[in-house]
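Heads up, the thing below is written out as C-alpha coordinates.
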Amino acid sequence: MNIVILAAGQGKRMKSALPKVLQTLAGKPLLQHVLTTALSLQGKQAKTGPIIVVGHGAADVKEFLVNASKEDSGFRKVTTVLQAEQKGTGHALLQALSKLDVQEPTLVLYGDVPLTSKKTLAKLAKLADGIRGQDSALALLTQDLTNPTGYGRIVRDADGSVREIVEEKDATSEQKAIKEINTGIMVLPTNSLKKWLKALSSSNSQSEYYLTDVIAMAVTAGVPIRTTQADEEFETIGVNSRDQLASLERTHQLSIANQLMDAGVSLADPARIDVRGTLECGTDVFIDVGCVFEGCVTLAAGTKIGPYCVIRNSVIGKNVSIHAFSHIDGAKVGNQSLIGPYARLRLGADLANDVHIGNFVEVKNSKIAANSKANHLAYVGDSIVGSRVNIGAGTITCNYDGVNKHQTIIEDDVFIGSDTQLVAPVRVGRGATLGAGTTLTKDAPPNQLTVSRVKQISLPWERPVKQEKKIAVKKTTTKKAVAKKIIKGKK
Ligand code: UD1
Ligand code: MG
(Lines give C-alpha, C1' and ligand atoms only; values in the text may rest on other atoms or scores of the structure.)
(Ligands and ions follow the chains in the order given, each with its own letter.)
Protein backbone atom coordinates (compact mmCIF):
# COMPACT_ATOMS: atom_id res chain seq x y z
CA MET A 1 0.00 0.00 0.00
CA ASN A 2 1.20 3.53 -0.80
CA ILE A 3 1.21 5.81 2.23
CA VAL A 4 1.31 9.58 1.78
CA ILE A 5 1.57 11.91 4.78
CA LEU A 6 0.52 15.50 4.14
CA ALA A 7 2.83 17.77 6.10
CA ALA A 8 3.35 20.90 4.03
CA GLY A 9 0.93 23.23 5.76
CA GLN A 10 2.11 26.15 7.84
CA GLY A 11 -0.29 25.75 10.69
CA LYS A 12 -1.13 29.45 10.84
CA ARG A 13 -3.35 28.91 13.87
CA MET A 14 -0.33 27.75 15.96
CA LYS A 15 1.30 31.19 15.54
CA SER A 16 4.74 29.57 15.70
CA ALA A 17 8.06 29.76 13.84
CA LEU A 18 8.12 25.95 13.93
CA PRO A 19 6.21 24.05 11.20
CA LYS A 20 3.07 22.60 12.77
CA VAL A 21 4.02 18.96 12.15
CA LEU A 22 7.17 19.49 14.26
CA GLN A 23 5.26 20.69 17.32
CA THR A 24 5.66 18.06 20.01
CA LEU A 25 3.15 15.78 21.66
CA ALA A 26 4.45 13.51 24.46
CA GLY A 27 7.96 14.76 23.67
CA LYS A 28 7.90 13.75 19.98
CA PRO A 29 7.02 15.81 16.88
CA LEU A 30 3.47 15.20 15.65
CA LEU A 31 4.93 13.91 12.37
CA GLN A 32 7.07 11.35 14.21
CA HIS A 33 3.96 9.81 15.77
CA VAL A 34 2.33 9.51 12.35
CA LEU A 35 5.49 8.13 10.71
CA THR A 36 6.11 5.54 13.42
CA THR A 37 2.58 4.19 12.98
CA ALA A 38 2.86 4.27 9.16
CA LEU A 39 6.15 2.36 9.21
CA SER A 40 4.80 -0.30 11.56
CA LEU A 41 1.71 -0.67 9.34
CA GLN A 42 3.87 -1.23 6.24
CA GLY A 43 6.10 -3.67 8.10
CA LYS A 44 9.87 -4.07 7.95
CA GLN A 45 9.72 -6.02 4.68
CA ALA A 46 8.24 -3.08 2.70
CA LYS A 47 10.76 -1.81 0.15
CA THR A 48 9.47 1.72 -0.07
CA GLY A 49 8.44 3.76 2.94
CA PRO A 50 5.86 6.50 3.36
CA ILE A 51 6.01 9.61 1.16
CA ILE A 52 5.87 12.89 3.03
CA VAL A 53 4.65 16.03 1.29
CA VAL A 54 6.75 18.87 2.69
CA GLY A 55 6.45 22.58 2.00
CA HIS A 56 6.27 25.13 4.77
CA GLY A 57 9.46 24.70 6.81
CA ALA A 58 10.61 21.91 4.46
CA ALA A 59 14.25 22.30 5.52
CA ASP A 60 13.32 21.85 9.20
CA VAL A 61 11.16 18.81 8.42
CA LYS A 62 13.97 17.24 6.36
CA GLU A 63 16.48 17.93 9.13
CA PHE A 64 14.16 16.22 11.59
CA LEU A 65 14.00 13.18 9.25
CA VAL A 66 17.81 12.99 9.01
CA ASN A 67 18.11 13.09 12.81
CA ALA A 68 15.28 10.60 13.33
CA SER A 69 16.96 8.20 10.84
CA LYS A 70 20.02 8.12 13.08
CA GLU A 71 17.91 6.78 15.94
CA ASP A 72 15.56 4.55 13.93
CA SER A 73 16.80 3.09 10.66
CA GLY A 74 13.17 2.64 9.50
CA PHE A 75 13.01 6.38 8.88
CA ARG A 76 15.60 6.01 6.09
CA LYS A 77 12.91 4.50 3.84
CA VAL A 78 10.90 7.71 3.95
CA THR A 79 10.91 9.91 0.84
CA THR A 80 9.82 13.52 0.60
CA VAL A 81 8.18 15.50 -2.19
CA LEU A 82 7.96 19.27 -2.21
CA GLN A 83 4.76 21.26 -2.40
CA ALA A 84 6.34 24.64 -3.05
CA GLU A 85 3.11 26.58 -2.61
CA GLN A 86 0.47 25.36 -0.20
CA LYS A 87 -2.70 25.31 -2.25
CA GLY A 88 -4.67 22.78 -0.24
CA THR A 89 -4.71 19.09 0.69
CA GLY A 90 -5.70 17.94 -2.84
CA HIS A 91 -2.86 19.94 -4.36
CA ALA A 92 -0.50 18.47 -1.74
CA LEU A 93 -1.40 14.89 -2.68
CA LEU A 94 -1.02 15.76 -6.38
CA GLN A 95 2.71 16.41 -5.76
CA ALA A 96 3.17 12.78 -4.70
CA LEU A 97 1.34 11.23 -7.67
CA SER A 98 4.43 10.27 -9.70
CA LYS A 99 5.76 8.27 -6.71
CA LEU A 100 2.62 6.14 -6.29
CA ASP A 101 2.39 2.50 -7.36
CA VAL A 102 -0.91 2.37 -9.30
CA GLN A 103 -1.22 -1.33 -8.57
CA GLU A 104 -1.70 -0.52 -4.87
CA PRO A 105 -4.28 1.60 -3.03
CA THR A 106 -3.12 4.84 -1.38
CA LEU A 107 -3.53 5.62 2.31
CA VAL A 108 -3.55 9.34 3.07
CA LEU A 109 -2.48 10.44 6.54
CA TYR A 110 -2.23 13.96 7.92
CA GLY A 111 0.92 15.09 9.68
CA ASP A 112 -1.24 16.92 12.22
CA VAL A 113 -3.38 13.92 13.24
CA PRO A 114 -0.84 12.10 15.42
CA LEU A 115 -2.56 9.39 17.41
CA THR A 116 -4.38 7.13 14.95
CA SER A 117 -3.57 3.55 15.93
CA LYS A 118 -2.13 0.89 13.65
CA LYS A 119 -5.20 -1.23 14.43
CA THR A 120 -7.56 1.45 13.14
CA LEU A 121 -5.52 2.00 9.96
CA ALA A 122 -5.35 -1.75 9.29
CA LYS A 123 -9.16 -1.91 9.68
CA LEU A 124 -9.54 0.97 7.20
CA ALA A 125 -7.17 -0.62 4.68
CA LYS A 126 -9.12 -3.88 4.89
CA LEU A 127 -12.32 -2.01 4.15
CA ALA A 128 -10.87 -0.76 0.87
CA ASP A 129 -9.46 -4.19 -0.03
CA GLY A 130 -9.73 -5.05 -3.68
CA ILE A 131 -8.03 -7.22 -6.22
CA ARG A 132 -4.45 -6.15 -6.87
CA GLY A 133 -4.24 -3.94 -9.93
CA GLN A 134 -7.95 -3.25 -9.99
CA ASP A 135 -9.55 -0.20 -8.47
CA SER A 136 -11.49 -1.09 -5.39
CA ALA A 137 -13.53 0.82 -2.84
CA LEU A 138 -12.72 4.12 -1.17
CA ALA A 139 -12.49 3.84 2.61
CA LEU A 140 -13.01 6.85 4.84
CA LEU A 141 -12.23 7.16 8.54
CA THR A 142 -14.95 9.26 10.11
CA GLN A 143 -15.82 10.17 13.68
CA ASP A 144 -18.94 11.31 15.50
CA LEU A 145 -17.97 14.30 17.61
CA THR A 146 -20.11 16.19 20.11
CA ASN A 147 -18.30 19.32 18.97
CA PRO A 148 -17.54 18.98 15.25
CA THR A 149 -16.50 22.64 14.81
CA GLY A 150 -13.63 23.14 12.38
CA TYR A 151 -13.82 19.74 10.70
CA GLY A 152 -15.15 18.75 7.30
CA ARG A 153 -18.64 17.16 7.61
CA ILE A 154 -19.71 13.85 6.08
CA VAL A 155 -22.87 14.48 4.06
CA ARG A 156 -24.95 11.32 3.54
CA ASP A 157 -27.98 10.59 1.37
CA ALA A 158 -31.28 9.50 2.86
CA ASP A 159 -30.22 5.85 2.39
CA GLY A 160 -27.09 6.52 4.47
CA SER A 161 -24.59 6.39 1.61
CA VAL A 162 -21.87 9.06 1.60
CA ARG A 163 -22.54 11.82 -0.92
CA GLU A 164 -19.77 14.35 -0.24
CA ILE A 165 -17.56 16.07 2.33
CA VAL A 166 -18.22 19.74 3.02
CA GLU A 167 -15.63 21.89 4.72
CA GLU A 168 -16.78 23.92 7.75
CA LYS A 169 -16.12 27.18 5.93
CA ASP A 170 -18.28 26.12 2.96
CA ALA A 171 -21.01 24.41 4.96
CA THR A 172 -24.61 25.56 5.29
CA SER A 173 -25.96 25.89 8.83
CA GLU A 174 -27.83 22.60 8.27
CA GLN A 175 -24.57 20.87 7.26
CA LYS A 176 -22.75 22.42 10.22
CA ALA A 177 -25.15 20.57 12.51
CA ILE A 178 -23.81 17.22 11.22
CA LYS A 179 -21.78 15.50 13.96
CA GLU A 180 -19.99 12.99 11.71
CA ILE A 181 -16.66 14.51 10.68
CA ASN A 182 -13.91 13.75 8.18
CA THR A 183 -10.74 12.73 10.00
CA GLY A 184 -8.86 13.32 6.75
CA ILE A 185 -7.59 9.75 6.79
CA MET A 186 -8.68 7.70 3.79
CA VAL A 187 -7.66 4.84 1.51
CA LEU A 188 -8.18 5.60 -2.19
CA PRO A 189 -8.00 3.58 -5.40
CA THR A 190 -4.80 4.99 -6.94
CA ASN A 191 -5.76 4.80 -10.63
CA SER A 192 -8.94 6.79 -10.14
CA LEU A 193 -7.23 9.12 -7.65
CA LYS A 194 -4.89 10.27 -10.42
CA LYS A 195 -7.84 11.35 -12.57
CA TRP A 196 -9.76 12.91 -9.70
CA LEU A 197 -6.83 15.01 -8.39
CA LYS A 198 -6.21 16.49 -11.82
CA ALA A 199 -9.89 17.47 -12.06
CA LEU A 200 -10.03 19.33 -8.71
CA SER A 201 -11.03 22.98 -8.71
CA SER A 202 -10.28 25.69 -6.15
CA SER A 203 -13.62 27.45 -6.36
CA ASN A 204 -14.43 27.41 -2.65
CA SER A 205 -14.25 29.80 0.28
CA GLN A 206 -10.52 29.16 0.87
CA SER A 207 -9.56 29.07 -2.86
CA GLU A 208 -7.80 25.77 -2.16
CA TYR A 209 -7.73 22.40 -3.94
CA TYR A 210 -9.53 20.25 -1.36
CA LEU A 211 -8.71 16.55 -1.28
CA THR A 212 -12.15 16.09 0.24
CA ASP A 213 -13.74 16.98 -3.15
CA VAL A 214 -12.65 13.60 -4.57
CA ILE A 215 -15.43 11.99 -2.51
CA ALA A 216 -18.18 13.50 -4.67
CA MET A 217 -16.15 12.47 -7.77
CA ALA A 218 -15.98 8.88 -6.49
CA VAL A 219 -19.76 8.92 -5.99
CA THR A 220 -20.23 10.07 -9.60
CA ALA A 221 -17.81 7.40 -10.84
CA GLY A 222 -19.78 4.73 -8.96
CA VAL A 223 -16.86 3.78 -6.71
CA PRO A 224 -18.21 2.31 -3.47
CA ILE A 225 -17.48 4.45 -0.40
CA ARG A 226 -17.15 2.64 2.91
CA THR A 227 -16.66 4.25 6.29
CA THR A 228 -15.42 3.12 9.66
CA GLN A 229 -14.53 4.75 12.98
CA ALA A 230 -11.67 4.40 15.44
CA ASP A 231 -12.10 2.77 18.87
CA GLU A 232 -10.98 5.94 20.62
CA GLU A 233 -12.05 9.46 19.68
CA PHE A 234 -8.55 10.89 20.34
CA GLU A 235 -7.16 8.79 17.48
CA THR A 236 -8.81 11.11 15.01
CA ILE A 237 -8.19 14.49 16.61
CA GLY A 238 -6.25 16.94 14.46
CA VAL A 239 -4.03 19.63 15.94
CA ASN A 240 -4.51 23.12 14.53
CA SER A 241 -3.99 25.36 17.55
CA ARG A 242 -2.05 25.37 20.79
CA ASP A 243 -5.11 24.70 22.92
CA GLN A 244 -5.94 21.65 20.77
CA LEU A 245 -2.33 20.48 21.20
CA ALA A 246 -2.48 20.91 24.99
CA SER A 247 -5.84 19.19 25.23
CA LEU A 248 -4.69 16.23 23.07
CA GLU A 249 -1.54 15.97 25.22
CA ARG A 250 -3.68 15.58 28.37
CA THR A 251 -5.97 13.04 26.69
CA HIS A 252 -2.93 11.07 25.49
CA GLN A 253 -1.26 11.20 28.91
CA LEU A 254 -4.45 10.04 30.61
CA SER A 255 -4.62 7.09 28.25
CA ILE A 256 -0.97 6.20 29.08
CA ALA A 257 -1.79 6.56 32.79
CA ASN A 258 -4.71 4.16 32.39
CA GLN A 259 -2.49 1.63 30.59
CA LEU A 260 0.04 1.85 33.45
CA MET A 261 -2.67 1.34 36.08
CA ASP A 262 -4.07 -1.61 34.11
CA ALA A 263 -0.57 -3.11 34.24
CA GLY A 264 -0.47 -2.84 38.06
CA VAL A 265 1.16 0.55 38.64
CA SER A 266 -0.24 2.86 41.35
CA LEU A 267 -0.45 6.52 40.42
CA ALA A 268 -1.16 9.14 43.07
CA ASP A 269 -3.09 11.07 40.42
CA PRO A 270 -3.50 9.75 36.86
CA ALA A 271 -4.02 13.34 35.69
CA ARG A 272 -0.59 14.40 36.94
CA ILE A 273 1.99 12.24 35.15
CA ASP A 274 3.82 12.85 31.87
CA VAL A 275 5.38 10.02 29.89
CA ARG A 276 7.38 11.33 26.94
CA GLY A 277 8.71 8.06 25.62
CA THR A 278 8.32 4.55 27.01
CA LEU A 279 7.92 3.70 30.66
CA GLU A 280 8.15 0.05 31.63
CA CYS A 281 7.14 -0.84 35.17
CA GLY A 282 7.22 -3.98 37.30
CA THR A 283 4.40 -4.79 39.70
CA ASP A 284 3.54 -2.55 42.65
CA VAL A 285 5.42 0.46 41.42
CA PHE A 286 4.11 3.69 42.95
CA ILE A 287 4.45 7.06 41.23
CA ASP A 288 3.57 10.25 43.07
CA VAL A 289 2.30 13.43 41.43
CA GLY A 290 4.09 15.63 38.90
CA CYS A 291 6.68 13.13 37.63
CA VAL A 292 8.04 13.34 34.07
CA PHE A 293 9.50 10.31 32.29
CA GLU A 294 11.47 10.83 29.08
CA GLY A 295 13.05 8.42 26.59
CA CYS A 296 13.20 4.79 27.78
CA VAL A 297 12.73 4.35 31.51
CA THR A 298 12.41 1.09 33.42
CA LEU A 299 11.20 0.89 37.01
CA ALA A 300 11.45 -2.58 38.54
CA ALA A 301 8.91 -4.07 40.95
CA GLY A 302 8.19 -2.32 44.23
CA THR A 303 9.95 0.92 43.36
CA LYS A 304 8.51 4.18 44.64
CA ILE A 305 8.96 7.52 42.92
CA GLY A 306 8.31 10.61 45.03
CA PRO A 307 6.64 13.78 43.79
CA TYR A 308 8.10 15.97 41.03
CA CYS A 309 10.93 13.72 39.83
CA VAL A 310 12.27 13.86 36.27
CA ILE A 311 13.64 10.53 35.02
CA ARG A 312 15.12 10.11 31.55
CA ASN A 313 16.69 7.07 29.82
CA SER A 314 17.37 5.23 33.06
CA VAL A 315 17.03 1.79 34.58
CA ILE A 316 15.85 1.71 38.18
CA GLY A 317 16.04 -1.55 40.13
CA LYS A 318 13.62 -3.24 42.54
CA ASN A 319 12.31 -1.63 45.74
CA VAL A 320 14.17 1.60 45.13
CA SER A 321 12.90 4.80 46.77
CA ILE A 322 13.42 7.94 44.78
CA HIS A 323 12.39 10.88 46.93
CA ALA A 324 10.90 14.18 45.78
CA PHE A 325 12.50 16.51 43.25
CA SER A 326 15.21 14.13 42.07
CA HIS A 327 16.59 14.39 38.53
CA ILE A 328 17.88 11.21 36.96
CA ASP A 329 19.28 11.07 33.42
CA GLY A 330 21.13 8.19 31.78
CA ALA A 331 21.64 6.38 35.08
CA LYS A 332 21.40 2.86 36.48
CA VAL A 333 20.18 2.41 40.05
CA GLY A 334 20.54 -0.90 41.89
CA ASN A 335 17.91 -2.63 44.02
CA GLN A 336 16.89 -1.18 47.40
CA SER A 337 18.78 2.06 46.80
CA LEU A 338 17.61 5.35 48.33
CA ILE A 339 17.87 8.43 46.16
CA GLY A 340 17.06 12.05 47.02
CA PRO A 341 15.24 14.20 47.85
CA TYR A 342 16.90 16.68 45.47
CA ALA A 343 19.45 14.21 44.08
CA ARG A 344 20.90 14.47 40.59
CA LEU A 345 22.17 11.38 38.78
CA ARG A 346 23.68 12.19 35.40
CA LEU A 347 24.87 10.23 32.40
CA GLY A 348 26.90 7.17 33.39
CA ALA A 349 25.91 7.13 37.06
CA ASP A 350 25.93 3.40 37.75
CA LEU A 351 24.85 2.49 41.26
CA ALA A 352 24.88 -1.04 42.65
CA ASN A 353 22.40 -2.34 45.24
CA ASP A 354 21.68 -0.51 48.49
CA VAL A 355 23.40 2.72 47.56
CA HIS A 356 22.24 5.91 49.28
CA ILE A 357 22.46 9.20 47.40
CA GLY A 358 20.96 12.00 49.45
CA ASN A 359 19.99 15.63 49.10
CA PHE A 360 21.99 17.89 46.79
CA VAL A 361 24.34 15.11 45.74
CA GLU A 362 25.33 14.95 42.06
CA VAL A 363 26.80 11.80 40.52
CA LYS A 364 28.17 11.71 36.96
CA ASN A 365 29.98 8.99 35.01
CA SER A 366 30.74 7.06 38.19
CA LYS A 367 30.37 3.50 39.36
CA ILE A 368 29.35 3.16 42.99
CA ALA A 369 29.47 -0.31 44.49
CA ALA A 370 26.97 -1.80 46.95
CA ASN A 371 26.18 -0.31 50.36
CA SER A 372 28.00 2.97 49.77
CA LYS A 373 26.58 6.32 50.80
CA ALA A 374 26.85 9.98 49.88
CA ASN A 375 24.05 11.46 51.88
CA HIS A 376 24.52 15.22 51.68
CA LEU A 377 25.84 17.94 49.37
CA ALA A 378 28.51 16.16 47.31
CA TYR A 379 29.82 15.87 43.74
CA VAL A 380 31.06 12.50 42.56
CA GLY A 381 32.26 12.67 38.95
CA ASP A 382 34.39 10.33 36.80
CA SER A 383 34.91 8.05 39.79
CA ILE A 384 35.02 4.44 40.77
CA VAL A 385 33.74 3.99 44.30
CA GLY A 386 33.99 0.68 46.14
CA SER A 387 31.61 -0.96 48.61
CA ARG A 388 30.66 0.33 52.07
CA VAL A 389 32.22 3.71 51.34
CA ASN A 390 30.94 6.71 53.29
CA ILE A 391 31.29 10.00 51.46
CA GLY A 392 30.87 12.87 53.91
CA ALA A 393 28.86 16.03 53.40
CA GLY A 394 30.41 18.58 51.10
CA THR A 395 32.86 16.17 49.45
CA ILE A 396 33.89 17.09 45.91
CA THR A 397 35.83 15.13 43.33
CA CYS A 398 37.80 17.80 41.45
CA ASN A 399 37.73 15.94 38.15
CA TYR A 400 38.25 18.78 35.67
CA ASP A 401 41.41 20.84 35.20
CA GLY A 402 39.79 23.15 32.69
CA VAL A 403 40.75 20.94 29.74
CA ASN A 404 40.73 17.27 30.71
CA LYS A 405 38.66 15.09 33.00
CA HIS A 406 40.50 12.85 35.47
CA GLN A 407 39.46 9.82 37.46
CA THR A 408 39.10 9.33 41.20
CA ILE A 409 39.30 5.83 42.64
CA ILE A 410 37.93 5.20 46.12
CA GLU A 411 38.41 1.63 47.27
CA ASP A 412 36.18 -0.45 49.56
CA ASP A 413 35.47 0.60 53.16
CA VAL A 414 36.83 4.12 52.81
CA PHE A 415 35.50 6.84 55.11
CA ILE A 416 35.72 10.36 53.73
CA GLY A 417 35.26 13.16 56.24
CA SER A 418 33.13 16.19 55.43
CA ASP A 419 34.21 18.95 53.10
CA THR A 420 36.99 16.96 51.44
CA GLN A 421 38.30 17.72 47.97
CA LEU A 422 39.79 14.85 45.98
CA VAL A 423 41.95 16.40 43.27
CA ALA A 424 41.91 13.84 40.46
CA PRO A 425 43.66 11.77 39.30
CA VAL A 426 43.84 10.33 42.77
CA ARG A 427 43.29 7.04 44.58
CA VAL A 428 42.11 6.37 48.13
CA GLY A 429 43.30 2.97 49.33
CA ARG A 430 41.02 0.35 50.89
CA GLY A 431 39.93 1.12 54.43
CA ALA A 432 41.48 4.60 54.43
CA THR A 433 40.00 7.49 56.39
CA LEU A 434 40.26 11.07 55.13
CA GLY A 435 39.99 13.73 57.80
CA ALA A 436 37.36 16.42 57.38
CA GLY A 437 38.48 19.35 55.24
CA THR A 438 41.26 17.43 53.50
CA THR A 439 42.43 18.55 50.07
CA LEU A 440 43.78 15.29 48.70
CA THR A 441 46.36 15.85 45.96
CA LYS A 442 48.30 12.59 46.38
CA ASP A 443 47.07 9.00 46.75
CA ALA A 444 45.95 8.10 50.29
CA PRO A 445 47.40 4.81 51.56
CA PRO A 446 45.04 2.05 52.74
CA ASN A 447 43.91 1.75 56.35
CA GLN A 448 45.49 5.04 57.49
CA LEU A 449 44.10 8.43 58.42
CA THR A 450 45.13 11.01 55.87
CA VAL A 451 44.46 14.58 56.69
CA SER A 452 45.63 17.82 55.13
CA ARG A 453 44.66 20.74 57.26
CA VAL A 454 46.35 23.92 58.44
CA LYS A 455 47.27 23.62 62.08
CA GLN A 456 44.61 25.02 64.38
CA ILE A 457 45.79 28.03 66.36
CA SER A 458 44.15 30.24 68.97
CA LEU A 459 44.99 33.93 69.36
CA PRO A 460 43.88 36.59 71.82
CA TRP A 461 41.17 38.55 70.15
CA GLU A 462 38.98 41.45 70.98
CA ARG A 463 36.00 41.47 68.82
CA PRO A 464 35.17 44.98 67.57
CA VAL A 465 32.01 46.30 69.15
CA LYS A 466 29.38 48.01 67.09
CA GLN A 467 28.70 51.62 68.13
CA GLU A 468 25.05 52.05 68.86
CA LYS A 469 23.64 54.56 66.42
CA LYS A 470 21.89 57.57 68.00
CA ILE A 471 18.36 57.66 66.78
CA ALA A 472 17.60 61.21 65.60
CA VAL A 473 14.28 62.32 67.13
CA LYS A 474 12.35 64.34 64.67
CA LYS A 475 10.52 67.29 66.23
CA THR A 476 6.92 66.88 65.69
CA THR A 477 4.66 69.80 65.84
CA THR A 478 1.89 69.07 68.25
CA LYS A 479 -1.58 70.54 67.96
CA LYS A 480 -0.86 72.54 71.15
CA ALA A 481 2.31 74.13 69.63
CA VAL A 482 0.44 75.00 66.46
CA ALA A 483 -2.24 76.65 68.54
CA LYS A 484 0.43 78.61 70.50
CA LYS A 485 2.03 79.81 67.24
CA ILE A 486 -1.26 81.00 65.94
CA ILE A 487 -1.96 82.91 69.17
CA LYS A 488 1.58 84.48 69.11
CA GLY A 489 1.10 85.45 65.49
CA LYS A 490 -2.09 87.27 66.40
CA LYS A 491 -0.24 89.24 69.12
C1 UD1 B 1 -8.60 18.96 6.91
C2 UD1 B 1 -9.75 18.47 6.03
C3 UD1 B 1 -11.03 18.39 6.88
C4 UD1 B 1 -10.77 17.47 8.05
C5 UD1 B 1 -9.54 17.86 8.85
C6 UD1 B 1 -9.19 16.77 9.82
C7 UD1 B 1 -9.43 19.22 3.71
C8 UD1 B 1 -9.77 20.24 2.71
N9 UD1 B 1 -9.96 19.38 4.94
O10 UD1 B 1 -8.90 20.25 7.37
O11 UD1 B 1 -12.10 17.90 6.11
O12 UD1 B 1 -11.91 17.45 8.87
O13 UD1 B 1 -8.40 18.06 7.98
O14 UD1 B 1 -8.11 17.12 10.64
O15 UD1 B 1 -8.72 18.29 3.41
N16 UD1 B 1 -1.45 20.34 4.08
C17 UD1 B 1 -0.50 20.30 3.07
N18 UD1 B 1 -0.57 21.21 2.07
C19 UD1 B 1 -1.54 22.15 1.98
C20 UD1 B 1 -2.52 22.18 3.01
C21 UD1 B 1 -2.45 21.26 4.04
O22 UD1 B 1 0.40 19.46 3.11
O23 UD1 B 1 -1.53 22.92 1.01
C24 UD1 B 1 -1.37 19.37 5.18
C25 UD1 B 1 -1.14 20.04 6.55
O26 UD1 B 1 0.24 20.11 6.84
C27 UD1 B 1 -1.87 19.11 7.50
C28 UD1 B 1 -2.95 18.46 6.64
O29 UD1 B 1 -2.59 18.67 5.29
O30 UD1 B 1 -1.01 18.11 8.01
C31 UD1 B 1 -4.33 19.06 6.91
O32 UD1 B 1 -4.29 20.45 6.65
P33 UD1 B 1 -5.07 21.50 7.54
O34 UD1 B 1 -4.82 22.85 6.99
O35 UD1 B 1 -4.81 21.26 8.96
O36 UD1 B 1 -6.58 21.08 7.20
P37 UD1 B 1 -7.84 21.21 8.14
O38 UD1 B 1 -8.36 22.59 8.03
O39 UD1 B 1 -7.55 20.66 9.46
MG1 MG C 1 -5.79 20.16 10.43
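The values are calculated or read from the model by the stated rules, or taken from the named source; none is laboratory data. Here the structure is a predicted model, which is why all the values come from computation and not from measurement. Here Cβ is always computed from backbone atoms with ideal geometry, including for glycine, and neighbour counts include all displayed protein chains. Areas reflect the complete protein model, heavy atoms only, side chains present, ligands, DNA and RNA absent. Shrake-Rupley method; radii C 1.70, N 1.55, O 1.52, S 1.80 Å.
When Lys and Arg each count +1 and Asp and Glu each count -1, what net charge do the other residues less than 12 Å away from SER16, Cβ to Cβ, add up to?
Surrounding charge for SER16 is +4.
Report, in degrees rounded to the nearest 10, the 0 to 90 angle that the Cα long axis of helix 58-71 makes with the longest principal axis of the chain.
70 degrees
Step by step: find N for the chain, compute 2.2 N^0.38 Å, then divide the Cα radius of gyration by it. What's the final number?
This ratio for the chain stands at 1.46.
When the solvent-accessible surface of protein heavy atoms is calculated with a 1.4 angstrom probe, in what order do CYS309, CYS296 fall, highest first?
Putting CYS309, CYS296 in descending order of accessible area: CYS296, CYS309.
Which residues' amide hydrogens lie under 5 Å from the amide hydrogen of LEU449, considering only partners 5 or more residues apart or on another chain, with H built in the peptide plane?
For LEU449, the qualifying residues are THR433.
Remind me, relative contact order of the stretch 2-236 in percent, using alpha carbon pairs under 8 angstrom and six or more residues apart?
23 percent.
State which entries of LYS318/LYS367; LYS47/LYS198; LYS44/LYS332; LYS99/LYS123; LYS62/LYS198; LYS123/LYS198 exceed 22 angstrom in Cα-Cα distance in the structure shown.
LYS47/LYS198; LYS44/LYS332; LYS99/LYS123; LYS62/LYS198; LYS123/LYS198
How much solvent-accessible surface does ARG242 expose, in Å² to the nearest 10, with a 1.4 Å probe and all protein chains in place?
Roughly 120 Å² of ARG242 is accessible to a 1.4 Å probe.
Note down the accessible area of ASP159, probe 1.4 Å, to the nearest 10 Å².
Approximately 120 Å² of ASP159 is accessible to the 1.4 Å probe.
Could you compute how much accessible surface THR278 exposes when probed at 1.4 Å, giving the result in Å² to the nearest 10?
80 Å²
Heavy atoms only, probe 1.4 Å: what % of the accessible area of the stretch 2-236 goes to carbon and sulfur, would you let me know?
Ligands and nucleic acids excluded, carbon and sulfur reach 48 percent.
Taking the Cβ of LEU260 as the centre, find all other residues whose Cβ is under 15 Å away and add up their charges (Lys, Arg: +1; Asp, Glu: -1).
Result for the local shell: -3.
Determine the shape class of the stretch 125-235: with a ≥ b ≥ c the square roots of the Cα gyration tensor eigenvalues, call it rounded for a/c under 1.5, and otherwise prolate if a/b is greater than b/c, oblate otherwise.
Cα axes put the stretch 125-235 in the oblate bin.
Relative contact order for the stretch 381-457: what percent, with Cα pairs under 8 Å and sequence separation of 6 or more?
25 percent
Accessible area per residue, 1.4 Å probe, Å², for the chain: what's the number?
52 Å²
Take every DSSP beta bridge with both residues inside the chain and express the antiparallel ones as a percent of the total, to the nearest 5.
Taking every DSSP beta bridge within the chain, about 15 percent pair in antiparallel fashion.
Rounded, prolate or oblate: which fits the stretch 242-450 when a ≥ b ≥ c are the square roots of the eigenvalues of the alpha-carbon gyration tensor, with rounded for a/c under 1.5 and prolate only if a/b beats b/c?
Prolate is the answer for the stretch 242-450, as a/c is 1.5 or above and a/b outweighs b/c.
Can you give the FRET efficiency for THR439 and GLU462, using 1/(1 + (r/R0)^6), R0 = 30 Å, r = Cβ-Cβ distance, to the nearest 0.05?
About 0.40, to the nearest 0.05.
If DNA, RNA and ligands are ignored and the probe is 1.4 Å, what is the ranking of ILE471, ILE185 by accessible area, most exposed first?
The ranking, largest first, comes out as ILE471, ILE185.
Mind checking the angle between helix 242-262 and the chain's longest principal axis? C-alpha axes, 0 to 90 degrees, to the nearest 10.
80 degrees
Using the beta-carbon distance between VAL403 and LYS304 and R0 = 56 Å, what value does 1/(1 + (r/R0)^6) give for FRET efficiency, to the nearest 0.05?
The formula returns an efficiency of 0.85 here.
Which whole-number percentage describes the relative contact order of the chain, with Cα contacts under 8 Å and a sequence gap of 6 or more?
7 percent
Round to a whole angstrom and tell me the spacing of the C-alpha centers of the stretch 347-409 and the stretch 163-241.
Comparing the Cα centres of the stretch 347-409 and the stretch 163-241, I get a distance of 60 Å.
Quick check: the angle from helix 118-127's long axis to the longest principal axis of the chain, C-alpha only, nearest 10 degrees?
0 degrees
Could you compute the FRET efficiency for SER452 and ARG388, with r as their C-beta to C-beta distance and R0 at 35 Å, rounded to 0.05?
For SER452 and ARG388, the calculated efficiency is 0.90.
What residues qualify as long-range amide H neighbours of ALA378, i.e. H under 5 Å apart, gap of 5 or more or another chain, H built at 1.01 Å from N?
HN-HN under 5 Å from ALA378: VAL361, GLU362, GLY394.
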